[in-house]
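The values are calculated or read from the model by the stated rules, or taken from the named source; none is laboratory data. Just so it is clear, the model here is predicted, and its values are computed rather than measured. When we count neighbours, we look across all protein chains shown, and the Cβ atoms used for this are built from the backbone with ideal geometry, even at glycine.
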Amino acid sequence: MLKIANHSHYHKQASRRLLEQLGDYALAADLLLTIEDQELEFCSDIDRQHTCFRHSFSSSRLQQRARQKNQALLKACNSKKRDIQSVLDLTAGWGKDSFILASHGQQLTMLEQNPLLHACLDYLLQVAQADSRDDVFQHLQLLRSNSLDYLQRAEGLCADCLYLDPMFPAHKSTARPGKDLQILQLLTTNLDIDELFRLALLKAGKRVVVKRPLHAPAINDNKPDLVYREKSIRFDVYLTPH
Ligand SMILES: C[S@@+](CC[C@H](N)C(=O)[O-])C[C@H]1O[C@@H](n2cnc3c(N)ncnc32)[C@H](O)[C@@H]1O
């Protein structure tokens, strides 16, 4: 069951909209969502541990992460040499990866199928944009859609780069994932990912990028053309000759 506490003072219109969107949202898990002016807090008991995650596009941690120039995400999606300007994020989630890419000048369209996540992300983008002079928010557009439907309906190529970050399967031998992912696993799921990847290869102007756990097999066992690695994840790049 979803409970909502509204502590927002300045962004009344945005918080009212969020309350309207989520007022009768049926959630199987128990979750307390607290609306603040700058951020949202998600709290739940997961495996008998009280787990809270706060999300905001003005958090100094995310801003700092976004500024890092040599990260693998940028190398995978943001190749200046190949003039990759537009990115379609097929799995928006918390919108962090899109925010990082947009901070480096790319034009991002984010798709999210889950109504709760979409509504929360929409709120966070609105309040961050209202409070900030940073033009990064001009580069971010959010749509609510199952990405498979979106790609099926789209005529021709959709963007230079199509980006996929499906939820990773829980792995018994690995450590508990971060709080953001624990909460995400409570709220949403993957839809049509294998099919989405197949169609993405036909709809990307220049490349498809897939985020994977470091040692996981490639998506659909499809060998990537390029791989960029970090400590626990990697980005598989598929060049599309369109
Ligand atoms: C692991 S999260 C992405 C995290 C994101 N990259 C970030 O930086 O916050 C995966 C998201 O994809 C969404 N998703 C899964 N299948 C989808 C589909 N077919 N269409 C749109 N969104 C989808 C899920 O609801 C979830 O929010």
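Results, tabulated for the structure shown:
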| read-out | value |
| --- | --- |
| Among residues of the range 54-66, those that are closer than 16 Å to residue 183 by Cα and surrounded by 18 or more Cβ atoms within 10 Å (Cβ to Cβ), counted | 2 |
| Pair list, Cβ < 7 Å and 6+ apart or interchain, from the range 192-207 residues that are under 21 Å from residue 227 (Cβ atoms) and of a type in the set (S, T, N, Q) to residues that are part of a helix (DSSP H, G or I) and at pLDDT below 95 | none |
| Test: residue in the range 156-163 that is crowded, with 16+ Cβ neighbours inside 10 Å, in contact with an Asp or Glu (Cβ under 8 Å, 6 or more places away or on another chain), touching a residue at least 60 places away in the same chain (Cβ under 8 Å) and under 25 Å from residue 104 (Cα atoms) | yes |
| Residue within the range 108-123 that is surrounded by fewer than 17 Cβ atoms within 10 Å (Cβ to Cβ) and either under 19 Å from residue 86 (Cβ atoms) or in contact with a helix residue (DSSP H, G or I) (Cβ under 6 Å, 6 or more places away or on another chain) (or both) present | no |
| Lone unmet requirement of (1) under 29 Å from residue 227 (Cα atoms); (2) touching a Lys or Arg at 6+ places or on another chain (Cβ under 9 Å) for residue 47 | (1) |
| Residues being among the acidic types (Asp, Glu) and under 17 Å from residue 125 (Cα atoms) - total across the range 21-58 | 4 |
| Filter result (under 13 Å from the mean Cα position of the chain (by Cα) and of a type in the set (A, V, I, L, M)) within the range 77-115 | 87, 88, 90, 92, 100, 101, 102, 108, 110, 111 |
| Test set (1) modelled with pLDDT under 95; (2) farther than 29 Å from residue 9 by Cα - residue 75 fails condition number | (1) |
| Some residue of the range 82-98 being closer than 21 Å to residue 11 by Cβ, away from the ligand (no atom under 16 Å from the Cβ), in contact with a helix residue (DSSP H, G or I) (Cβ under 7 Å, 6 or more places away or on another chain) and in a helix (DSSP H, G or I) | no |
| Residues of the range 55-81 satisfying the condition of being under 18 Å from residue 131 (Cβ atoms) and within 12 Å of the ligand (Cβ to nearest atom) | 55, 57, 62, 66 |
| Residue list for the range 1-29, restricted to those being exposed (fewer than 13 other Cβ atoms within 10 Å of the Cβ) and closer than 17 Å to residue 180 by Cα | none |
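Listed here are the residues, each with its yes/no results for (1) surrounded by fewer than 15 Cβ atoms within 10 Å (Cβ to Cβ); (2) of a type in the set (A, V, I, L, M, F, W, C).
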position	(1), (2)
187	no, yes
202	yes, yes
205	no, no
208	no, yes
212	no, no
215	yes, no
221	yes, no
224	no, no
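Each row is one residue, and each column tells you yes or no for (1) within 13 Å of the ligand (Cβ to nearest atom); (2) assigned to a helix (DSSP H, G or I); (3) on the phi > 0 side of the Ramachandran plot; (4) aliphatic (A, V, I, L, M).
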{"site": "116", "(1), (2), (3), (4)": "yes, yes, no, yes"}
{"site": "120", "(1), (2), (3), (4)": "yes, yes, no, no"}
{"site": "126", "(1), (2), (3), (4)": "no, yes, no, no"}
{"site": "129", "(1), (2), (3), (4)": "no, yes, no, no"}
{"site": "141", "(1), (2), (3), (4)": "no, no, no, no"}
{"site": "168", "(1), (2), (3), (4)": "yes, no, no, no"}
{"site": "182", "(1), (2), (3), (4)": "yes, yes, no, no"}
{"site": "186", "(1), (2), (3), (4)": "yes, yes, no, yes"}
